[in-house]
1. Hey, among the residues in segment 187-199 that are out of contact with any strand residue (DSSP E or B) (no Cβ under 9 Å at 6 or more places or on another chain) and in a loop (DSSP other than H, G, I, E, B), which one's modelled with the lowest pLDDT?
2. Taking the options 277, 232, name whichever one is out of contact with any strand residue (DSSP E or B) (no Cβ under 6 Å at 6 or more places or on another chain), buried (at least 23 other Cβ atoms within 10 Å of the Cβ) and either part of a helix (DSSP H, G or I) or modelled with pLDDT under 80 (or both).
3. Tally time: how many residues in segment 166-186 are free of Cβ contacts under 8 Å to residues at least 60 places away in the same chain, within 25 Å of the chain's Cα centre (by Cα), exposed (fewer than 15 other Cβ atoms within 10 Å of the Cβ) and in a loop (DSSP other than H, G, I, E, B)?
4. Residue 249: in contact (Cβ under 8 Å) with a residue 40 or more places away in the chain, farther than 14 Å from residue 77 by Cα and out of contact with any strand residue (DSSP E or B) (no Cβ under 6 Å at 6 or more places or on another chain), yes or no?
């Protein structure tokens, strides 16, 4: 397996420029604090796919079809492995009770952080794998707990959080950082007690970053197994996770319209949490392909039942 590919400065500059330009356009297009519509999410999902395929064409033009096939293999593998991220994002936002209108800002800066962290992770290769086990277990428990909370909120009404004083993230963070216990719009920092303090939105952003690092323990080695060329590993990873955010908003917008999709999401969250714990304890390893079929099957069930039974409750025979 070839591990060396001479990457000229121009190609690196083109990659960086494309990512920065489209991130700026994305930010400008969503500067208002409002929920992302289904149409907007679909358009941006398509944009990121087209940009990724155009870069694949550039790779083919410069280095040949073989390198393009390796890029695309890494890209689609990362996409399939990253499906779980969508539901962990949803679990994190539910845990922090973050309104839809602020979620784009959190995920936008989460992606910026992921670009840096993925570079560090890929540069380190698989030497960081030993850190992943206990982190995966904690996230598995967190996802299961959130699935239960979402189920409770769906049955008894959503519990809005206005004061985060007793929130788990504030209790632990205030030992090392000054924390403001209420949201201040979309701000990550605010003035409090004569100085700067982090807001609950910042703590949510940290959790989003941690989730990306946690999933990198699984996805990056898988992509490295396909190609050990660092440039292809990194670019395929970044283009995949850039499009992931738009897919999240596509799912989130659909969940607002389809009344039974949330039930499917809760079931998928429970599956992902159990899968993480099974992997940690070495009981069984569920392949990415099986997980992809479970997730797609669950979403399809949620969509179809919502279209067939658009009321808030399903018939008793179901």
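The values are calculated or read from the model by the stated rules, or taken from the named source; none is laboratory data. All of these numbers come straight from a predicted model, not from anything done at the bench. Every residue, glycine among them, receives a Cβ derived from its backbone with ideal geometry; neighbour counts consider all protein chains shown.
1. If we take residues in segment 187-199 being out of contact with any strand residue (DSSP E or B) (no Cβ under 9 Å at 6 or more places or on another chain) and in a loop (DSSP other than H, G, I, E, B), then 193 is modelled with the lowest pLDDT.
2. None of the others qualify; the one that does is 232.
3. The number of residues fulfilling the criteria is 1.
4. Yes: the conditions hold for residue 249.
Per-residue answers, yes or no, for (1) at pLDDT below 80; (2) within 24 Å of residue 36 (Cβ to Cβ):
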position: 208; (1), (2): no, yes
position: 211; (1), (2): no, yes
position: 216; (1), (2): yes, no
position: 241; (1), (2): no, yes
position: 253; (1), (2): no, yes
position: 260; (1), (2): yes, yes
position: 263; (1), (2): no, yes
